[in-house]
Amino acid sequence: MKKDLMRKYTISIIRVEELYSYYGMKLGINESEFCLLYALYPNYILSQKEISVDWAIPKSTLNTIVKKYENKGYLIVERKEGTKRELLIKLSKSGKKLA
C-alpha cells in the first residue's frame, strides 16, 4: 500500500515538473527562471535564500538569474533592512506581466 502511494506521489511530482519545463519553454526561459517567477508571483517578496531553499535552485544559478532579470527590469532587488548581505526580491510591473 505504501509503495503504491509513493509511486503515485512520485508520478505526480514528475508531471508537475514537466509542466514547469513545458511552460518555461513556451516563454523562452529555463526551469529555474520559471520557478523564480512563479515563486514571486503575484506579490511575494522573498530573499534569495528562501527561494534557493524552497525551489531547490542552486545559489549561484539563482544569483545569475536575479542579476539578469534585474537588468531587464523584471525584478526589484533591495537589501533587507538590518543586514549587510541578504537581498529581498519582488517582481516589477513588467516582471508581473512576464510571469
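Since every read-out is calculated from the coordinates, none of them should be taken as a lab result. Nothing here was measured: the structure is a model prediction, and the numbers come from that model. Cβ atoms come from the backbone with ideal geometry, glycine included; neighbour counts cover every protein chain shown.
Out of Ala56, Ser92, Leu37, whose Cα points farthest toward the positive end of the dipole of region 30-98 (charges: +1 Lys, Arg; -1 Asp, Glu; placed on Cβ)?
Toward the positive end, the furthest listed residue is Ser92.
Could you state the angle between the C-alpha long axis of helix 59-71 and the longest principal axis of the C-alpha atoms of the chain, as a value from 0 to 90 degrees rounded to the nearest 10?
Around 50 degrees separate the two axes.
Sorted from fewest to most neighbouring beta carbons within 10 Å, what does the list Lys3, Lys72 look like?
Ranking Lys3, Lys72 by Cβ neighbours within 10 Å, fewest first, gives Lys3, Lys72.
Using alpha carbons only, how many degrees (0 to 90, rounded to 10) separate the axis of helix 2-27 from the longest principal axis of the chain?
So the helix axis and the longest Cα principal axis differ by about 40 degrees.
Among Leu5, Leu46, rank each residue by its count of other Cβ atoms within 10 Å, from fewest to most, as a rough exposure measure.
Lowest to highest Cβ neighbour count: Leu5, Leu46.
Magnitude of the Cβ-charge dipole of the chain, K/R +1 and D/E -1, about the Cα centre, nearest 20 debye?
40 debye
Enumerate the calculated ³J(HN,Hα) couplings along region 46-57 in order (Karplus 6.51 cos²θ - 1.76 cosθ + 1.60, θ = phi - 60°), each rounded to whole Hz, writing x wherever the residue is Gly or Pro.
Running phi through 6.51 cos²θ - 1.76 cosθ + 1.60 with θ = phi - 60° gives 10, 7, 4, 4, 4, 5, 4, 6, 5, 10, 6, 9 Hz.
Over the Cα atoms of the chain, how large are the radius of gyration and the largest Cα-Cα distance (Dmax), in Å?
15.4, 51
In whole Hz and in residue order, list the ³J(HN,Hα) couplings for region 82-92 that follow from phi through the Karplus curve 6.51 cos²θ - 1.76 cosθ + 1.60, θ = phi - 60°; x for Gly and Pro.
Once rounded to whole Hz, the list reads x, 10, 9, 10, 6, 10, 9, 10, 8, 7, 7.
What is the calculated FRET efficiency for Lys93 to Ser21, with r their C-beta to C-beta distance and R₀ = 25 Å, to the nearest 0.05?
Working: r = 27 Å, r/R0 = 1.07.
After rounding to 0.05, the efficiency reads 0.40.
Looking at this model, which pairs from Lys67/Lys93; Lys2/Lys49; Lys8/Lys49; Lys26/Lys97; Lys2/Lys59 are more than 23 angstrom apart at the alpha-carbon?
Too far apart for the 23 Å limit: Lys2/Lys49; Lys8/Lys49; Lys2/Lys59.
In region 53-99, which GluC sites (Glu not before Pro) are in a loop and have at most 12 other Cβ atoms within 10 Å, using DSSP for the loop call? Before the final figure, lay out the partial values.
Working: sites: Glu70, Glu78, Glu81, Glu86; in loops: Glu81, Glu86.
In loop regions of region 53-99 (DSSP not H, G, I, E or B), the sparsely surrounded GluC sites (Glu not before Pro) are Glu81.
Which value in nm describes the separation of the simple spin-label points at Tyr9 and Thr61, placed 7 Å from the Cα toward the beta carbon?
Taking the simple label geometry, Tyr9 and Thr61 are separated by 2.3 nm.
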